[in-house]
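Novice: Here's a structure for you.
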Amino acid sequence: MTQHSDAVPVPLLAPAPVPPPAPAPARAHAPAPSAVSAFAATYAADHPAEAADPHCLSPEESDRLLRGAPWKRFAVVGDSIAEGLGDPVPGYRTLPWADRTAEALRRVVPELTYLNLGLRGLTAGQVRADQAERAARFAPDLVAIVCGGNDLLLPGFSPEALEKELDLLFSRLAAPGRTLVAYALVNVAAAVPELRGGPLESGVAVLNQVTRTVAERYGAVVVEMYGHPAAANRDLYSADLVHASARGHAVSAAATVRALAAEFSTGSG
């Protein structure tokens with residue numbers, strides 16, 4: 001479990017006789033163009049494959065999509081996918097999808113605070129028991145929920161039992177003014193032909209359908225990764241074929257940013 005908090009801001013000093021300028025409207029949260037340009041230049045030079053990837057977002061694209069985002073407290077709960085496990089890929093930042101999402105939000109909402117409780121190996125019931133109360137006490141206005149994959153490994157797995165656990169988890173985290181985000185996981189069998197038609201592909205399809213059902217019940221945003229156009233690319237996945245690679249994290253973060261932008265731009269976020 002890792003907790004992320006804002007860095008201490010560096011005060012800007014002006015000559016004593018000159019009064020400070022009036023603050024910009026709070027809703028804009030637009031980063032200074034020079035700062036954005038410098039970050040973007042470094043990003044492209046240091047991570048050329050990511051910068052050229054059509055399924056990723058550049059800092060400028062992300063800032064444009066999220067400008068005006070209303071969220072200031074972002075929490076993540078779940079299993080190893082929420083925690084952010086994954087193998088490195090040359091040319092991509094080794095940064096998990098949730099950290100990337102928080103970073104993107106913080107560029108346009110500098111006061112954003114971020115808490116990630118994700119921990120490997122947990123079932124949906126364990127996520128609810130171990131993380132839901134802590135996440136609720138954080139008082140987030142944005143919560144990402146990623147779990148259920150480990151339930152597929154339980155003896156006598158039951159979709160009905162998983163739905164009940166997810167319903168209890170979503171119910172505890174749902175609140176007025178709070179946006180919930182859920183994920184339909186990517187289909188690794190699209191990239192690995194020998195997995196097609198097997199238990200992994202069918203299990204993920206069942207998990208995704210249960211997740212969509214519960215998410216709809218609570219008005220959650222669903223980030224649809226199952227049929228993502230990059231799903232057939234083997235380098236989207238780590239060697240274990242369970243977790244995303246660094247490229248997979250970058251693609252997932254981009255999909256999350258796009259889904260969040262669509263949510264608040266409709267006025268329903």
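Novice: Just the residues that are surrounded by fewer than 22 Cβ atoms within 10 Å (Cβ to Cβ) and of a type outside the set (S, T, N, Q), please, taken from the stretch 72-83.
Specialist: Result: Lys72, Arg73.
Yes/no per residue for (1) touching a residue at least 12 places away in the same chain (Cβ under 8 Å); (2) over 13 Å from the mean Cα position of the chain (by Cα); (3) under 16 Å from Thr256 (Cβ atoms):
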{"residue": "Arg73", "(1), (2), (3)": "yes, yes, no"}
{"residue": "Glu83", "(1), (2), (3)": "yes, no, yes"}
{"residue": "Gly91", "(1), (2), (3)": "yes, yes, no"}
{"residue": "Ala98", "(1), (2), (3)": "yes, no, yes"}
{"residue": "Ala102", "(1), (2), (3)": "yes, no, yes"}
{"residue": "Val108", "(1), (2), (3)": "yes, yes, yes"}
{"residue": "Gly125", "(1), (2), (3)": "yes, yes, no"}
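Novice: Which residues, taken from the stretch 94-106, are crowded, with 20+ Cβ neighbours inside 10 Å and out of contact with any strand residue (DSSP E or B) (no Cβ under 9 Å at 6 or more places or on another chain)?
Specialist: Listed by number, the residues that qualify are Arg100, Ala104.
Novice: Could you list, in sequence order, all residues of the stretch 167-216 that are basic (Lys, Arg) and touching a residue at least 40 places away in the same chain (Cβ under 8 Å)?
Specialist: Once the filter is applied, which keeps residues that are basic (Lys, Arg) and touching a residue at least 40 places away in the same chain (Cβ under 8 Å), the stretch 167-216 yields only Arg172.
Novice: In addition: Where in the stretch 20-138 are there helices (runs of 4 or more DSSP H), lying wholly inside it, with at least 3 residues that are at pLDDT below 95?
Specialist: 33-46
Novice: Now a separate question. Sort out which residues of the stretch 41-78 are more than 22 Å from Ala230 (Cβ to Cβ) and touching a Lys or Arg at 6+ places or on another chain (Cβ under 8 Å), and write them in order of number.
Specialist: Result: Asp63, Gly68.
Novice: Would you check which residues across the stretch 211-260 are in a loop (DSSP other than H, G, I, E, B) and either under 21 Å from Pro176 (Cα atoms) or of a type in the set (Val, Ile, Thr) (or both) and list them?
Specialist: Of everything in the stretch 211-260, those that are in a loop (DSSP other than H, G, I, E, B) and either under 21 Å from Pro176 (Cα atoms) or of a type in the set (Val, Ile, Thr) (or both) turn out to be Tyr218, Gly219, Ala220, Val242.
The values are calculated or read from the model by the stated rules, or taken from the named source; none is laboratory data. It should be emphasised that the depicted structure is a prediction, and the values quoted were computed from it without experimental measurement. No Cβ is skipped: glycine too gets one built from the backbone with ideal geometry, and neighbour counts run over all protein chains shown.
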